[in-house]
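To start, the structure itself, in structure tokens.
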Amino acid sequence: MPADALTPLLLTLKVAALATLLATAGGVLCARLLGRTRSIARDLGESLLTLPLVLPPTVLGYYLLVLLGRNGVIGAWLLEHFGVTLIFTWQGAVIAAAIAAFPLILRAARAAFGDVDSSLEQAARTLGLRESAVFFRITLPLAWRGVVAGALLAFARAMGEFGATLMVAGSLPGRTQTLALAIYDAVAAGDDARAATLVWISIGVAVVALVAAAQLLRRGAPQ
Amino acid sequence: MPLNHMPLLRRCAMIALALACGGAGAAEVTVSAAASLSNAFTELGRAYEAHHPADTIVFNFAASDLLLRQIEQGAPADVFASADEVTMDRAAAAKLIDAATRRPFATNALVLIVGAGTNAPGTLRDLEDKAYARIAIGNPDSVPAGRYARQALSDAGLWDALQARLVPAQNVRQALDYVARGEAQAGFVYATDAALQKDKVQVALTVPTAAAVSYPIAVTKATRQAQAARAFVAFVVSAEGQSVLKSHGFSAASP
């Protein structure tokens, strides 16, 4: 593999992995908060939280730029109190990818929690387990396959994130230029050989990740 | 129940047919133009359509190199307007344009901009000051404004020194946006771009370029609307077209 293809690959893996972690934590938490019962208010909440998936990534990128930018509400606060800037950094790319991937986890986790037999949770409660313990010791272990499937989709989405990442993190070679951005730049610059190399690397990573996840899920399947 | 739907279906079919027939004699001209031309050309397009009510002008604005790539791959562009002669030379070498229709139609100036109300560098060398932590520049690999800027910085012996602080943009308008939002402390754009964000950016200096910032236009070889495409090119270089360009800050093409 050419050295100049390794940098975007490692960066992409780092950004996608961290984004998936963030999105999974947030998605599982929100799915838990939304609960298993359905109501108009909860459906509305879920719909709002799904917006990042439905809106064009550029809309997401625009709002992130406005919020996290130097003059944005969050960006100005971060800069003033911590001296942190997220724009043009790989951390900014992680946030963009995490938000883009978040709805996939949320939906998968909510469906998985809904499928857990509620009598098991009730039994745990009657035996004196606290709500948090019921969730971590009963609900989550029973629903983990659905959550992992969601995390896998989130990872794929995070790896392919382009629009929002470009607007928030820019396309700085070696610093924020992920595979998706590097491919775009190579095509725009007429470097077909480089574009093709990066495309094959992307395909390779995606296939490896999908096969690994399929193996993992099969091994965890009830016999 | 299908019978109930028939009138609606028939109506739709008739509308579709009417639209298709209405197209006879009318031309839809797709113009792929450099991002820096977007405001001026949008107005030019409207003015052209006022003179040629049967024709419709459709614009595709992006970095010149990307437009060239699209045309190479068979994008149905009828007219190509790039922000430098280099890109048009490549289009000509690849036999993508009708060389007889090629002509320069405007010139522009490369400027160094900084956020409004911030310290303006007096010379390019002042950019070495750490205060200019991020410098927005069109990606020189695909954006003409970036190539002009790279040349100017190389000539000033600053290209290597500033490398780590450059933020490459996908097109010149993105570079403008980075400075306007304060995310980059300085940037290289065209004078016409800087004028669009007068309240947010200020021009520090006009950057001398080895080659003039000249915009060429040409009809593509693959066009199916050659007549209308030529008419549009003729309109761009006409007195009326030139006055529209001038009102957006472009200068006349150097002879």
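The values are calculated or read from the model by the stated rules, or taken from the named source; none is laboratory data. All of these numbers come straight from a predicted model, not from anything done at the bench. Positions of Cβ are backbone-derived with ideal geometry, glycine not excepted, and every protein chain shown enters the neighbour counts.
Tabulated data for the structure shown
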read-out	value
Qualifying residue in region B:149-172 (condition: in contact with a His (Cβ under 9 Å, 6 or more places away or on another chain) and within 27 Å of B:Ile71 (Cβ to Cβ))	no
Residue that is farthest from B:Val172 (Cα to Cα) [pool: residues in region B:78-98 that are within 14 Å of the chain's Cα centre (by Cα) and either among the charged types (D, E, K, R) or part of a loop (DSSP other than H, G, I, E, B) (or both)]	B:Glu85
Test set (1) surrounded by fewer than 17 Cβ atoms within 10 Å (Cβ to Cβ); (2) closer than 13 Å to A:Arg107 by Cα - A:Glu80 fails condition number	(2)
Filtered residues of region A:110-164 (kept if acidic (Asp, Glu) and within 13 Å of the chain's Cα centre (by Cα))	A:Glu161
Test set (1) surrounded by 15 or more Cβ atoms within 10 Å (Cβ to Cβ); (2) more than 14 Å from every other protein chain (Cβ to nearest Cβ) - A:Gly61 fails condition number	(2)
So A:Ala19, is it among the hydrophobic types (A, V, I, L, M, F, W, C), crowded, with 18+ Cβ neighbours inside 10 Å and touching a residue at least 60 places away in the same chain (Cβ under 8 Å)	yes
Flag if A:Arg42 is within 30 Å of B:Ala180 (Cα to Cα) and basic (Lys, Arg)	no
Hits in region B:115-131 (condition: crowded, with 20+ Cβ neighbours inside 10 Å and away from every other protein chain (no Cβ under 14 Å))	B:Leu124, B:Leu127
So B:Ala194, is it within 15 Å of the chain's Cα centre (by Cα), among the small types (Gly, Ala, Ser), more than 14 Å from every other protein chain (Cβ to nearest Cβ) and not in a loop (DSSP other than H, G, I, E, B)	yes
Test result for A:Gly26, part of a helix (DSSP H, G or I) and within 24 Å of A:Thr12 (Cβ to Cβ)	yes
Selection count, region A:186-211, where residues are modelled with pLDDT of 85 or more and at the interface with chain B (Cβ under 10 Å from one of its Cβ atoms)	4
Every residue from region B:48-77 that is within 14 Å of another protein chain (Cβ to nearest Cβ) and either part of a loop (DSSP other than H, G, I, E, B) or among the small types (Gly, Ala, Ser) (or both)	B:Ala62, B:Ala63, B:Ser64, B:Gln73, B:Ala75
Selection status of B:Thr209, more than 14 Å from every other protein chain (Cβ to nearest Cβ), assigned to a helix (DSSP H, G or I) and of a type in the set (Ser, Thr, Tyr)	no
Checking A:Gly128 against (1) surrounded by fewer than 14 Cβ atoms within 10 Å (Cβ to Cβ); (2) assigned to a helix (DSSP H, G or I), the condition it does not meet	(2)
Filter result for the condition that a residue is touching a residue at least 60 places away in the same chain (Cβ under 8 Å) and out of contact with any strand residue (DSSP E or B) (no Cβ under 6 Å at 6 or more places or on another chain), over B:Thr101, B:Thr87, B:Thr107, B:Thr123	B:Thr123
Residue check for A:Thr176: within 14 Å of another protein chain (Cβ to nearest Cβ), under 19 Å from the mean Cα position of the chain (by Cα) and part of a helix (DSSP H, G or I)	no
Odd one out for B:Glu183, checked against (1) over 20 Å from B:Ala252 (Cβ atoms); (2) within 15 Å of the chain's Cα centre (by Cα); (3) buried (at least 24 other Cβ atoms within 10 Å of the Cβ)	(2)
Residues being of a type in the set (Phe, Trp, Tyr) and touching a residue at least 24 places away in the same chain (Cβ under 8 Å) - total across region A:64-88	1
Boolean, A:Gly160 is surrounded by 13 or more Cβ atoms within 10 Å (Cβ to Cβ) and not hydrophobic (A, V, I, L, M, F, W, C)	yes
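For every residue, the table says whether it meets (1) under 12 Å from the mean Cα position of the chain (by Cα); (2) under 30 Å from B:Val167 (Cα atoms).
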{"site": "A:Thr7", "(1), (2)": "no, yes"}
{"site": "A:Arg36", "(1), (2)": "no, no"}
{"site": "A:Ser39", "(1), (2)": "no, no"}
{"site": "A:Leu53", "(1), (2)": "yes, yes"}
{"site": "A:Leu86", "(1), (2)": "no, yes"}
